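The structure appears below as C-alpha cells.
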C-alpha cells in the first residue's frame, strides 16, 4: 500500500534565485512550499532568464516538491479607489501571473484588497473587475488564483467568508479560483477554530458562504492576539491563543487533511523543521469525523 504523502511546508526564501526556495524546503523536510517570485516590496517585477527557469525545473524534479504556491506583492490592492494605485496593482498582479505560468506554479495566493476610505461593496466589485481583466492571461497557464482570508485589520476586505464568497461567485465561471484559509487571520476575524466543534461550525459556514470545493489550501499560524481581535500577529504553532488542538483537527479532518499547508510562523527554517515534524506527529492522532 502506497504511503500517504501529506503536503506540509513553509514560505521559504528565494534569495539568490527561485530554485533556492525549493532547496530550503527540502532542508526543512517540506513536501510543498510557498515563495515570492519577485521582491514583494517593489512594483517592478523580476524577469527570469532561461538559465534560471532551467535551474528551477531541474531543482523541482530533484526535490519532488508539489503544489507550490506563490504569494503576490504586498503593494497590490486590486480594490484600490485611487486610479493610479489600481493601475499599478493590476499590472503587477498580471506580471505575477506570468511568472507563475513560467515556473508552472499551482497556486497564486493574494490578499483581496482594502477599501481604504471607500464603501466595502465598491471595493469588492472593483476586485472582481480586476480579476476578470485577467481571464485571457490566466487561461494561458496552469496557475489557479487563490484568495487569502484576512484578519480584517483596518479596511481590508476578505475577513468574512461572505466577502470571499461574493468574489468567488462573481468570477468562478470565468477563472480558476479558490481560497486559502489563514488560521491566524480567520481566528482574529472571529472564527473560533480552537476545537473540533469550532472547526465543524467554521467549515459549515465556509461551505454555505463560499463552497467547500473552493477551499484549496491553508496558511498555518498560531495567533499572538485573541479571538475576534482583528489584529494580524503570527505566533509559533501551539504557542499562541489558538493552541495545538486546532492543528490536530486540521491534520486529521477528512475535509482538510489532504490540502496543502504552508507555515508562515516567525521562527524561520530552524523552527519550521520542528513544526513540520510536530504537524506530522499530530497527523497520527485520532481521526476526526
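Just so you know, all these numbers are worked out from the coordinates, no wet-lab data involved. If you're wondering where the values come from, they're calculated on a predicted model, not measured in any experiment. Quick reminder, even Gly has a Cβ in these numbers, built from the backbone with ideal geometry, and neighbours come from all protein chains shown.
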**Asked** Among 63-75, 264-276, 213-225, 132-144, how do they line up from the highest to the lowest mean number of other beta-carbon atoms within 10 Å?
**Response** 213-225, 63-75, 264-276, 132-144
**Prompt:** What shape does segment 209-289 have by the C-alpha gyration tensor, where a ≥ b ≥ c are the square roots of the eigenvalues, rounded means a/c under 1.5, and otherwise prolate means a/b greater than b/c and oblate the rest?
**Reply:** oblate
**Item:** Cα gyration tensor, segment 1-109 - rounded (a/c under 1.5), prolate or oblate
**Value:** prolate
**Asked** So which residue, out of 236, 42, 153, gets the largest mean-square fluctuation from a GNM of the chain using Cα contacts under 10 Å as springs?
**Response** 42
**Message:** With both bridge residues required to lie in the chain, what share of the DSSP beta bridges run antiparallel, to the nearest 5%?
**Reply:** 15
**Calculated FRET value between residue 192 and residue 125, using beta carbons and R₀ = 25 Å, to 0.05** = 0.25
**Item:** Theoretical gain in end-to-end length, residue 155 to residue 200 [0.36 nm per residue, Cα-Cα removed]
**Value:** 13.4 nm
**Message:** Let me make sure I get this right: for the chain, a, b and c are the square roots of the gyration tensor eigenvalues over alpha carbons, sorted descending. Under 1.5 in a/c it's rounded, otherwise prolate if a/b > b/c, else oblate. Which is it?
**Reply:** oblate
**Message:** If I take every Cα pair under 8 Å that is 6 or more residues apart in the chain, average their sequence separation and divide by the length, what percent do I get for the relative contact order?
**Reply:** 16
**Complete:** So for R0 = 25 Å, FRET eff. of residue 94-residue 208 from the Cβ-Cβ r, to 0.05, ends up at 0.20
**Within segment 156-177: backbone nitrogen closer than 12 Å to the residue 227 label point (7 Å, Cα to C-beta)** = none
